[in-house]
Structure formats: C-alpha cells, structure tokens
Amino acid sequence: MELNIQCEELSASRWTELISSMKTSKTVRLDDCSLSASSCKDIGSVLSTNQTLSELTLSNNELGDSGVELLCKGLMTPSCRLQKLWLQNCNLTDACCKNLSSVLSTKQSLTELHLGDNKLGTSGVKVLCQGLMDPNCKLEKLQLEYCELTPDNCEMLSSALRTKSSLKALNISNNKLGDAAVKLLCQGLMDPNCNLQSLHLENCHITAASCGDLGTVLSMKPSLIELSVGENKIGDPGVALLCQGLLNPNCKIEKLWLWECGLTPASCKDLSHVLSTKESLTEVSLIGNELRDAGMELLCQGLKDPKAKLQALWIRECGLTAACCKSVRSVLGTNQTLRELHMGGNKIGDAGVEMICEGILNPNCNLRSLWLGNSELSAACCRSLATVISTKQCLTELDLSNNSLADDGMKKLCEALKHPNCKLQQLVLYDIYWSSEMDDELSVLEESIPGLKIIS
Amino acid sequence: GAPGLGGPHPLVFLTLILLATSLAQVTPGARYRQFLTRHVDFPKTSTTNDRIYCNLLMQRRGMTRPICKPTNTFIHTPADQVQAICRHAGRCHRQNLCDSNAAFRLTTCRVAPGSHPGRCFYRGRVQTRQIRVACNRLLPIHFDRVL
C-alpha cells in the first residue's frame, strides 16, 4: 500500500488518519507537508511497529536534528525493516549524524540513504562514515548532495569505497571537493572490493587534473556504468583523458553526463570516436557546452556508425544552428537505436526543424521522444511537425515549449493530432501564447483523444 | 406587478445584472487563476536560498509533474499591482502584450541539466526588472518575458 502526499498542510485530524494508514503501508512519502519534530514522534512509533514499511520519504520538512533523533529511535527497533530513507532538505546538521550513524551500523536492511541539502559539514559526514564502515552496514546507495562536504571527507569516503562492496551508487555532487580529494576517491574506486556502478561528482570543483585518474578508473572497472561530472570545468583536455579510459574494452559505461564541462568543438572528435565504438553507451548528456555546428557534425559522424547504440542524447543549449541539422537528419535516417533527442535551447529555427522532421520520417528512424523547446520556432515549421505527428507512430512524446507557434501553427498541430496514425501520448506546450479560442479548442481536443495528454 | 411608465419589470433588470457580472468572470477566469498560481508569490515564500526556493515553489505550484516546466518567473508583488499592468500601469502593443511601467522583484527558475521527469531540480536567479505579460479583458493571462 502506498501513501504519497506532496505539498500539503496536514490538519490534526488528517494527521491522525494518516498515521493510522501508515501503520500498514509499504511506502510512505510525505514531501513538503509542513511536518516538524513532533510529527517524528508519531512516525517513529510507526517505524517501530510496521514491519512491512520499506521506503520512507520525509524530504522538505523542517524536522531538525531533534526530529531525526526521534525517527532513529523507531528505526533502531529490531522489527523495523526499512530499506530506503529520504531526508533531503530537512534542516539537519552534524548533530544528528551520530544517530544516523548508529542506524547505519545496526540496520542491515537499510540499502539507500538520501541526505542532500542538509548542512552536515565535514564533522557530520565523518561521523556518518564511521557508521558506514561497520560490517553490519549493507548500504547500496548514498546521496550527500549539497551537504557541505569538504576535501577532508574524502579519505574516509575512499576507505568506504574500499571496504563496502555493497555500495553501488555514490552521489556527492555540489560539494567543494577539488582535484586532490577526487584523486583520493579514485584510489578507493580502484580497489578490487569496490563494485560501484554509479558515481555523481557534479559541481565538485574538478578540473582536467583529476581526469587522468577518473579515466584509469573507467578503464579498470567494468562495474562503473554511470558517471556524471557535469558542471566541472574539465574542458577539452579533461574529456580527452576521460575518453582514453572510456575506449578501453574493460569499460562498460552506459550513461555519461558531461553537461556544462566547458567543452568546445575540439572535444567532439574523441567523443565521436567513443560514440561509434562503445556499444554499451546508451545515454549521453552534453548540455550547455559550446559544441557549435562543427562539433555537432563530428558527433553525427560517430552516431552514424553501425556500432553506435546510443538511445538518448541531450544536446540542449550547445550553440547549434540550422547548419548542423543536415547532419542530424542524416543520423536520424540511418541510426535505428536513437529513441530520445533533446535539442532545445539551440537557435535551429524553422529551417533546422524541417530538416530534422525529414530525418524522422525515414523508416529507419525509431525516435520516441523529441524535445525542441526554446528553439526559435514559429508557425512556419508546424506543417512539417504536423506531418511527423500524423505519420510517425513510434513518436510518443513531443516538446515544443517556449516557441512562438501562434494560433496558426497550433491549428496545424491540432489537425495532425486528430489523425488516426498519431500515437502521441505527451505534447508539451509550456509558455506558448495562444488565443482563448485556441485554448478552448485544445481542451476539447485533449478530451476527445483518450491517450493524449497536453501539458501547458 | 407595480404600475409603471412602461419600462421593463424590475426582475428583468436583476436578471440582466446577474448575467452581466457572471459573464465578466467566466472566460478569462481560469487562465488568470493559472497566471496567479504560476507567477505570483507575494510575500515571497521564505527559504534558505534561491535554489531551494525554486525547487519548492515549482513543486508547490504544480509545475513539476508530469514534466519539469523548463523556466518560470515568480513575481513578488501583490496581484492587484500585476493586474494593473493591463490597465494604467503598463504600455500595451500588438497581440495584447503589455510592458509594465514599474520594475518588479522577480525570481526566475530554470531547470538544471541533471533533471528528468519525477526529479526536477532548479536554479534560481533574483532580479528587479520590468516584465511583459499578455492581457485578456484587462487581466494578465500569460507571462511573456522579463524585459
């Protein structure tokens, strides 16, 4: 039984009702419900009696350290079998880490702990790591984003990586770590005991200087299938080093996030080579890098290779124009694995979209999801879009937000939506200005087509 | 009925008045309400920082499901001052787009690259600027841009 409440103020009587249903729930989510420390007493008692409760989310509530202390009391009861716990943005500090640490060193059932957006600091995280190191701890996922970790924490985290073979996912994004600390982590990552699958180091103040070590990890650890170094200025030199590791046959990377890394077209040769070689690679994000048309054309070459198995590509805000859309059209006409293309935030305009539509219409293309928000589109490209909508049955999701399509353009799209071949499930139209008449027409249309959801 | 000089029955007047007031509320009502929900937060909800402000407000105002709304601007002024842009407090031009005379305190939220449906994270930017809105029957119904 699932209890899922978000953004609601709960009256006293409602709370009593909820506590009652929590006693038999398997998952409980009370996100941003104005809960406080006193609510934790009740939740604590639920934890100590409900043996089936496996997931608990209390993010975005001012629970405070005292609230968590009460929760931990419940967590520590032998009958509690909680597996996943989310306490993001709960106004926690280092003071509660002792309690959480005790839970970690006792509760073998706990596999996931998410503590992002709490000022735990160096000392708090050190205490947490002590619990993590306990042999009883079987934690698989640990998330400490925006927790004010410092380089000093990385020695213990490195030890944890060396010892905790259960640890599959580590997210320490948005903490000021720096290259030296990340190199320490890499040492832990390379330990034979380490089975980490997912590593997120976004905005950790990393530069090209750590990319050699990260590359080595990639070349030695087939278990690492997901790596994100987004929002670190690693630049072209950094990516070159990462690609060396990525190209190693040992590397089985599946998801690679390199958004806002300060990359230029110069990175695209290496990236293209990775795209055309690494058959395990299914998802790549390059959002917010000035790749420009030249860079995109290089990437497209890689994507046309029969060995390219990419399924999802994010190239939002990469400084692209209509000029590269010819190459994109070519990719869409040959590549059969690409399912999701996120191209918003580029000035590709009507001309660019028309070329992309031509590519999508090719029978080889199996695209399911196309995102063209904020692409300087107008009513002029809606004819091509309409053809795609009413022809390409595999397309289930289309985003055209933040484009001035106007009533004229919208009318063409509406006609296409009515077509029996249209299998669109989600049409995203945020921030497009249309008349009240068009507004009514869209409401009526949405109601008449059962599978379709128009999001605006 | 009461004797009169040949004008309509008072009940007819009453009916007409009721009809007129209800019509005035019907059409722009829903879009205006959505404009308020999405774009007006006054007084500004207090949070630790602008990033958390955006994460919370975007969620509270229903703009994170099923898809993360890519960008959204919150205006930190009373609704009636925003409404006034469509009347005397703004310069209107074609397509019913009106530019505010005054500058307003704003928080613009933009979706962060790592987000995906179900997990929406935002970046917040505070500024004080004039804004452009679309008006329908003297009510703002669409936020066009920060000027």
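Only Lys, Arg, Asp and Glu carry charge here, each on its Cβ (+1 for the first two, -1 for the last two); on that basis the range B:9-146 has a dipole of about 480 debye about its Cα centre.
Running Debye on the protein assembly as shown with equal point scatterers at the Cα sites and no solvent, what base-10 log of I(q)/I(0) appears at q = 0.07 Å⁻¹? The computed values of log10 I(q)/I(0) come out as -0.51. Computed from backbone phi with θ = phi - 60° and the Karplus coefficients 6.51, -1.76 and 1.60, the 3J(HN,Hα) list for the range A:370-375 is 10, 10, 10, x, 6, 10 Hz; x is used for glycine and proline.
Using a ≥ b ≥ c from the Cα gyration tensor of the range A:319-456 (square roots of the eigenvalues), is it rounded, prolate or oblate, where a/c under 1.5 gives rounded and otherwise the larger of a/b and b/c decides, a/b for prolate? Oblate, because a/c is 1.5 or more while a/b does not exceed b/c. Here the range B:9-146 has an Rg and Dmax of 17.7, 67 Å, counting Cα atoms alone.
Shape summary of the range A:210-258, radius of gyration then Dmax from alpha carbon positions: 9.7, 27 Å. Amide H contacts for A:R29 (H built 1.01 Å from N in the peptide plane; partners 5 or more residues away or on another chain; cut-off under 5 Å): A:L3, A:N4, A:I5, A:T57.
Sorting A:E441, A:E2 by the number of Cβ atoms found within 10 Å of their own Cβ, with the fewest placed first, yields A:E2, A:E441.
Over all directions, the projected convex hull of the C-alpha atoms in the range A:240-327 averages 4.9 nm² in area. Taking label points 7 Å from Cα along the Cα-to-Cβ direction, B:T47 and A:D408 give a separation of 4.0 nm.
Scaled to the globular estimate 2.2 N^0.38 Å, the Cα spread of the range A:387-443, given as radius of gyration, is 1.09. Where a ≥ b ≥ c are the square roots of the eigenvalues of the C-alpha gyration tensor, would you call the range A:111-254 rounded, which needs a/c under 1.5, or, failing that, prolate if a/b is larger than b/c, or oblate? Oblate.
Computed about the Cα centre, the dipole magnitude for the protein assembly as shown is approximately 240 debye when only Lys and Arg (+1) and Asp and Glu (-1) carry charge, each at its Cβ. The distance between label points at A:N248 and A:K41 comes to 5.6 nm (points 7 Å beyond Cα on the Cα→Cβ vector).
Per-residue 3J(HN,Hα) values for the range B:128-140, derived from phi via the Karplus relation 6.51 cos²θ - 1.76 cosθ + 1.60 with θ = phi - 60°, read 10, 8, 6, 10, 10, 10, 9, 10, 9, 6, 6, 10, x Hz in sequence order (x marks Gly and Pro). The ranking of A:W86, A:W257 from fewest to most other beta carbons within 10 Å of each one's beta carbon is A:W86, A:W257.
No lab work stands behind these numbers, since they all come straight from the coordinates. If you're wondering where the values come from, they're calculated on a predicted model, not measured in any experiment. Quick reminder, even Gly has a Cβ in these numbers, built from the backbone with ideal geometry, and neighbours come from all protein chains shown.
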